[in-house]
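Here the structure comes first, spelled out in structure tokens, and everything after it is commentary.
The values are calculated or read from the model by the stated rules, or taken from the named source; none is laboratory data. What you see is a predicted model; the values in this text were computed from it and never measured. Cβ sites come from the backbone with ideal geometry, for glycine too, and all protein chains shown count toward neighbours. Ligands, DNA and RNA are stripped out before the accessible areas are found, and what is left, the full protein with its side chains, is counted by its heavy atoms. Shrake-Rupley method; radii C 1.70, N 1.55, O 1.52, S 1.80 Å.
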Amino acid sequence: REGRDLDVVQLVQASEALGAGEILLNSMDADGSNAGYDLKLVQMVSDATTLPVIASSGAGCPQHFVDVFGGTPVQAALAAGIFHREEVAISEVKQGMLGANIITRLC
């Protein structure tokens with residue numbers, strides 16, 4: 001990890017100015033933690049741009065998806081490890097979101 005004289009808000013705003021179409025936000029601190037998305041970071045980035053934001057890193061259970069969609073204006077969220085390791089089924093995430101009244105596709 002190397003420090004830079006550019007913070008995440010500056011980077012997101014510069015990316016938008018250069019024509020980016022969306023922001024895929026990967027939190028290095030939350031990556032692989034299974035402790036949930038970095039909701040403060042997701043909110044900060046969402047507030048700093050008009051682009052769609054995709055939250056990444058930290059999901060460990062269906063409730064984490066409910067938390068990120070219910071607690072931030074994020075347009076999408078992704079997870080990989082929990083599905084590859086078969087710790088959580090995609091259907092469990094979708095059912096959890098539906099149970100929290102968060103619209104999702106079932107198929």
Out of 72, 50, sole residue that is of a type in the set (S, T, N, Q) and buried (at least 19 other Cβ atoms within 10 Å of the Cβ): 72
Just to verify a result, which residue in the range 35-44, among those that are in contact (Cβ under 8 Å) with a residue 12 or more places away in the chain and either β-branched (Val, Ile, Thr) or open to solvent by 40 Å² or more (accessible area, probe 1.4 Å) (or both), is nearest to residue 55 (Cα to Cα)? 42
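Going by what's in this entry, would residue 88 be described as outside any loop (DSSP other than H, G, I, E, B), in contact (Cβ under 8 Å) with a residue 24 or more places away in the chain and surrounded by 16 or more Cβ atoms within 10 Å (Cβ to Cβ)? Steps first, answer last, please.
Numbers: outside any loop (DSSP other than H, G, I, E, B): no; in contact (Cβ under 8 Å) with a residue 24 or more places away in the chain: yes; surrounded by 16 or more Cβ atoms within 10 Å (Cβ to Cβ): yes.
For residue 88, the condition - outside any loop (DSSP other than H, G, I, E, B), in contact (Cβ under 8 Å) with a residue 24 or more places away in the chain and surrounded by 16 or more Cβ atoms within 10 Å (Cβ to Cβ) - is not met.
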Enumerate the pairs (first residue in the range 1-16 and touching a residue at least 24 places away in the same chain (Cβ under 8 Å); second residue anywhere and polar (S, T, N, Q) and open to solvent by 90 Å² or more (accessible area, probe 1.4 Å)) with beta-carbon separation below 8 Å, excluding pairs fewer than 6 apart on the same chain, so at least 6 apart or on different chains. 16/50
Just to be sure, is residue 32 out of contact with any strand residue (DSSP E or B) (no Cβ under 9 Å at 6 or more places or on another chain) and either open to solvent by less than 60 Å² (accessible area, probe 1.4 Å) or of a type in the set (Lys, Arg) (or both)? no
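Criterion first (within 12 Å of the chain's Cα centre (by Cα) and not in a helix (DSSP H, G or I)) does residue 35 satisfy it?
So residue 35 does not fit the description; no.
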Within the group 70, 96, which residue is in contact with a Pro (Cβ under 6 Å, 6 or more places away or on another chain), modelled with pLDDT of 95 or more and part of a helix (DSSP H, G or I)? 96
Counted residues, the range 9-29 - those being at pLDDT below 95 and open to solvent by less than 70 Å² (accessible area, probe 1.4 Å): 1
Just give me the residues in the range 75-85 being closer than 18 Å to residue 30 by Cβ, surrounded by fewer than 17 Cβ atoms within 10 Å (Cβ to Cβ) and not small (Gly, Ala, Ser), in sequence order. 78, 83, 84, 85
